[in-house]
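Data first, discussion second: the structure below is written as structure tokens.
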Amino acid sequence: QELDKKLEAEKSEYQLAYEEVKPYIDKVADDLMNIFIAKRFPLFRPGFPGQKLRLKGAMAYEGQKDYKGLFERRLPTERPDYTFLLLVDLSGSMRGEKIEETFKGAVLFSEALAKVAATLGTVKVAIYGFQDELIAYKGFESELDDKTRKKIGLMVKEVDNEGEHNQANYNNDGYCV
């Protein structure tokens with residue numbers, strides 16, 4: 001029990017939030033993938049030569065000897081690239097339960113989209129906070145590794161002026177947004 005208490009005390013803010021949202025990460029990632037992959041079945045168009053025989057084209061061929069509609073070819077499908085930016089308010093008004101729940105949402109968002117990006121490869125994510133200026137936690141090109149997770153974990157402390165930026169009383173929404 002003492003060892004469990006000691007291990008629990010050594011966990012970072014990010015690890016604690018991750019444990020709370022862990023049951024939802026796979027569900028959210030699956031839902032996002034279903035949204036991003038809109039075309040589950042390949043599209044075909046009539047053409048000769050083609051990859052598969054078309055029944056409608058075969059009937060037209062029998063009547064008119066027209067090769068164009070006899071086969072169909074698969075159209076190349078392109079997945080669009082998706083880019084997400086999460087901008088978190090870290091001003092003093094976010095103290096208490098607001099920042100805790102917002103932070104859990106940021107952890108859920110970052111972990112779920114990291115899974116989607118690993119699967120689809122067409123998703124980029126950036127996470128920023130703001131007070132009087134933008135505070136970069138994760139850029140579009142950076143990976144969600146332990147160093148980035150530790151940096152994201154500082155979000156909770158920023159609203160109490162215990163993080164690295166410490167300007168919670170000076171907020172510039174317009175500039176940052």
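The values are calculated or read from the model by the stated rules, or taken from the named source; none is laboratory data. This structure is a prediction, so every number in the text was calculated from the model and none was measured. Reconstructed Cβ throughout: ideal geometry from the backbone, glycine too, with neighbour counts over all protein chains shown. The protein model used for the area step is the full one, side chains on, heavy atoms only, and it has no ligands, DNA or RNA in it. Shrake-Rupley method; radii C 1.70, N 1.55, O 1.52, S 1.80 Å.
Tabulated data for the structure shown
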read-out: Theoretical gain in end-to-end length, Leu85 to Glu141 [0.36 nm per residue, Cα-Cα removed]; value: 19.0 nm
read-out: Heavy-atom SASA rank of Asp4, Asp81, Asp89, Asp160 (probe 1.4 Å, accessible area, largest first); value: Asp81, Asp4, Asp160, Asp89
read-out: Inter-label distance for Lys98 and Glu162, nm, one decimal - labels placed 7 Å from Cα along Cα-to-Cβ; value: 1.8 nm
read-out: Area accessible to solvent at Glu20, 1.4 Å probe radius, in Å²; value: 100 Å²
read-out: Distance violations [Cα-Cα > 20 Å] among Lys6/Lys151; Lys11/Lys115; Lys115/Lys147; Lys104/Lys157; Lys11/Lys124; value: Lys6/Lys151; Lys11/Lys115; Lys11/Lys124
read-out: Projected label distance in nm at Lys22 and Lys5, using a 7 Å step from Cα toward the beta-carbon; value: 2.2 nm
read-out: Length released on extending from Lys150 to Asp31, taking residue separation times 0.36 nm less the Cα-Cα span; value: 40.2 nm
read-out: The range 102-177: C-alpha gyration tensor shape, a/c 1.5 cut-off, then a/b vs b/c; value: prolate
